[in-house]
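Here the structure is laid out as structure tokens; the discussion comes afterwards.
The values are calculated or read from the model by the stated rules, or taken from the named source; none is laboratory data. For clarity, every value in this text was computed on a predicted model and none was experimentally measured. No Cβ is skipped: glycine too gets one built from the backbone with ideal geometry, and neighbour counts run over all protein chains shown. Side chains included, ligands, DNA and RNA excluded: accessible areas come from the protein's heavy atoms. Shrake-Rupley method; radii C 1.70, N 1.55, O 1.52, S 1.80 Å.
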Amino acid sequence: MAEPLLRIEGLHYRYPQAAAEALAGVSLDVGAGEVVVVAGRSGSGKTSLLRACCGLVPHYHGGDVEGQVEIAGLDAREHGPAELGGWVGFVAQDPESQVVSTTVRAELELPLEIRGERAAARARAVEEVALALAMPHLLDRTTDSLSGGELQRVALAAALVLRPRLILLDEPTSQLDPVAGDELIWLLRRLNEEWGMAVLLAEHRIERCLAHADRVIAMEDGGIAFDGEPEDYLEWAMACDQALATPAAKLFDLAGLRPLPRGVKAARAALSACDIDFEGQTPSLPQAPELSRSGGLTPKGLTPRRLTPRRRDPGALQARNLWVALDGRDVLHGLDLAIDRGERVALMGRNGAGKSTLLRTAAGMVSPLRGQFEAPGGVALLPQSPGDVLLHERVGDELPGAAGAAALARVGLEHARERDSRDLSGGERQRLALAVVAAGRQGSSLPGLICLDEPTRGMDQARKDELAAWTLELAERGSAVVVATHDVELAAAFADRVVLLGDGTVIADGHPDDILSGGWYFATEVARILGVPGAVTPLQGAAIIEQRRAVYPAPGSVAG
């Protein structure tokens, strides 16, 4: 039997000054050519595990370590990240911390130069990886002009340019639009099948990658709580922690169907086999699912969307014929948009569509070329990068006093007051940044507009549910909340309005049930499975399936 590419035995790790271990007795083998998805809640140890697999733990982060980590026979405690770089590539949650060069081309050439590759070989490798990631147009761009999603592609390309045997990815799709996210997962599958590259991928939006996984590992409190095949993982998640289950698994569980599907294709096949098929029919949403949004009882792990009635308070934002340019490029093109106080808006669109630029313009960080722009009630902005609002090394120093302690408790970080913010997981850093922004917004006076730019990077489903509840609280107190996101499941859960940008202008504006169903990419997993207009959540989908069973019973079954 071939030796595993990655071998971990009895790994214990504690960050400096940390009260608890980040990794507690982890043992794991990953074979050459395996695709392994790592699931788990925020702070469960996923990021620390990946850091240990490339030598960042303990060589960069320090701390106490016991046990053994070997990559291709090399001991990670004796060989640092530079020596392991020919075997393993790593893409962190925060790509802005990995990109060090001024241009994209220089960033991709850097690891090749360090390895001593000749100019012709460097040029070929850069061109190939840029084509693989559909980013040749970015090669001559400056890195400081890129969007978060574009930076993520650059960091991935820099990790792949050396053609490592093992690629480690920490939330790789968190800042990618649905098209780019799907393309990335397919690229990883292709690299795995054609190059034999092993993939270890930590992800919260597990529905994006589960269909391509050979195996799933679930982390809990620094240890491995589950290790097995995707279908078995879904049953484990529904039984032990539904926040880690996919929307498709929740849909089937609510509808009383088994086996739980690993993806859209398997779900559609299973429904067809049960004679639950909507081809040629257009079922309407029954009235019953409305109670799923009313705040009544819902199954464990499923949060209902409470729709806020549209208020006619003074407008929170008014943009008319807005034009904004960055680095000589028009980013917003004659944009018209009005948002009232009390609205919860999901701002969506492909990478580079202008979402972050619109929010930064609202906050006064970017000046428009022309057009009218008003935000009379003031604006609070949480930027994409948590580091932009984290100024201290100690978590407690970011949020001192009783108000700070309450803000930390609100995001579940009261235990981390003595930690260095750099040692937090990506999700924990995002929640800390959210707490910093929120801490000063708990009094009687709130700004008219609160903007959150990709706030869920590194957040598990439970924390997303808490974020959705917070947006509702802010909206009920009179603020408009705009969340720029690529997470269609989040948008379906919290928003009462979706605004879709394309090429710097509004191309669609409407109710989530309309915008997030009936499409290919900007659609929830339930919408892609059922293809029924208006069915975007597991609760809505389960009600549709029950209606289909009653109206069109399978042969030999009893309607009712």
Legend entry - Residue among Asp227, Asp140, Asp221, Asp214 that alone is of a type outside the set (A, V, I, L, M), under 20 Å from Pro95 (Cβ atoms) and surrounded by fewer than 21 Cβ atoms within 10 Å (Cβ to Cβ): Asp140
Inset, instruction - Could you grab me the full set of residues in segment 156-179 that are farther than 14 Å from Gln384 by Cβ and small (Gly, Ala, Ser)? - result: Ala157, Ala158, Ala159
Inset, instruction - Only residues in segment 317-339 that are of a type in the set (Phe, Trp, Tyr) count as the first member; pair them with residues that are open to solvent by 40 Å² or more (accessible area, probe 1.4 Å), Cβ under 9 angstrom, at least 6 apart or cross-chain, and list the lot. - result: Trp323/Asp330; Trp323/His333; Trp323/Pro368; Trp323/Leu369; Trp323/Arg370; Trp323/Gly371
Inset, instruction - Please indicate, with yes or no, whether at least one residue in segment 42-60 is assigned to a strand (DSSP E or B) and open to solvent by less than 40 Å² (accessible area, probe 1.4 Å). - result: no
Inset, instruction - Report, ordered by the first and then the second residue, all pairs with beta carbons closer than 6 Å, sequence separation of six or more or different chains, a first member in segment 371-388 that is of a type in the set (Asp, Glu), and a second member that is open to solvent by 40 Å² or more (accessible area, probe 1.4 Å) and outside any helix (DSSP H, G or I). - result: Glu374/Gln318
Inset, instruction - Considering each of Ser101, Ser174 in turn, give the residue that is in a loop (DSSP other than H, G, I, E, B) and either in contact with a Pro (Cβ under 9 Å, 6 or more places away or on another chain) or surrounded by fewer than 22 Cβ atoms within 10 Å (Cβ to Cβ) (or both). - result: Ser101
Legend entry - Sole exception among (1) open to solvent by 30 Å² or more (accessible area, probe 1.4 Å); (2) without any contact (Cβ under 8 Å) to a residue 40 or more places away in the chain for Glu70, by number: (2)
Inset, instruction - Filter segment 155-203 down to residues that are among the basic types (Lys, Arg) and either more than 25 Å from Arg7 (Cα to Cα) or within 12 Å of the chain's Cα centre (by Cα) (or both), then give me how many there are. - result: 0
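Out of the residues in segment 104-135 that are among the basic types (Lys, Arg) and crowded, with 18+ Cβ neighbours inside 10 Å, state the one that is nearest to the chain's Cα centre (by Cα).
My answer is Arg105.
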Legend entry - Qualifying residue in segment 18-40 (condition: within 20 Å of Arg215 (Cα to Cα), without any contact (Cβ under 8 Å) to a residue 12 or more places away in the chain, in a loop (DSSP other than H, G, I, E, B) and not β-branched (Val, Ile, Thr)): no
Inset, instruction - Report, by residue number, each residue of segment 335-363 that is small (Gly, Ala, Ser), open to solvent by 20 Å² or more (accessible area, probe 1.4 Å) and in contact with a strand residue (DSSP E or B) (Cβ under 7 Å, 6 or more places away or on another chain). - result: Ala338, Ser356, Ala363
Legend entry - helices (runs of 4 or more DSSP H) (entirely within segment 451-537) containing at least 3 residues that are touching a strand residue (DSSP E or B) at 6+ places or on another chain (Cβ under 6 Å): 461-476
Inset, instruction - For Val69, state whether it is β-branched (Val, Ile, Thr), touching a His at 6+ places or on another chain (Cβ under 9 Å) and over 18 Å from Ala159 (Cα atoms). - result: no
Legend entry - Given (1) under 13 Å from Pro95 (Cα atoms); (2) touching a helix residue (DSSP H, G or I) at 6+ places or on another chain (Cβ under 9 Å), number of the condition Glu207 does not satisfy: (1)
Legend entry - The listed residue being within 16 Å of Arg268 (Cα to Cα), open to solvent by less than 30 Å² (accessible area, probe 1.4 Å) and either touching a Lys or Arg at 6+ places or on another chain (Cβ under 9 Å) or small (Gly, Ala, Ser) (or both), out of Ala198, Ala249, Ala237: Ala249
Inset, instruction - Please state which one of Asp487, Asp460, Asp514 is in contact (Cβ under 8 Å) with a residue 12 or more places away in the chain and open to solvent by 10 Å² or more (accessible area, probe 1.4 Å). - result: Asp514
Legend entry - Qualifying position, being of a type in the set (Gly, Ala, Ser), within 28 Å of Ile529 (Cα to Cα) and in contact with a Ser or Thr (Cβ under 7 Å, 6 or more places away or on another chain), among Ala508, Ala491: Ala491
Inset, instruction - Select from segment 364-374 the residues that are within 30 Å of Met459 (Cα to Cα) and open to solvent by 30 Å² or more (accessible area, probe 1.4 Å) and list them in ascending order. - result: Gly364, Met365
Legend entry - Subset of segment 202-211 [open to solvent by 10 Å² or more (accessible area, probe 1.4 Å) and either in contact (Cβ under 8 Å) with a residue 40 or more places away in the chain or over 18 Å from Ala243 (Cβ atoms) (or both)]: His204, Arg205, Glu207, Ala211
Inset, instruction - Determine whether segment 498-510 contains at least one residue that is within 17 Å of the chain's Cα centre (by Cα), open to solvent by less than 10 Å² (accessible area, probe 1.4 Å) and among the small types (Gly, Ala, Ser). - result: no
Legend entry - So Ala338, is it modelled with pLDDT of 90 or more and within 26 Å of the chain's Cα centre (by Cα): no
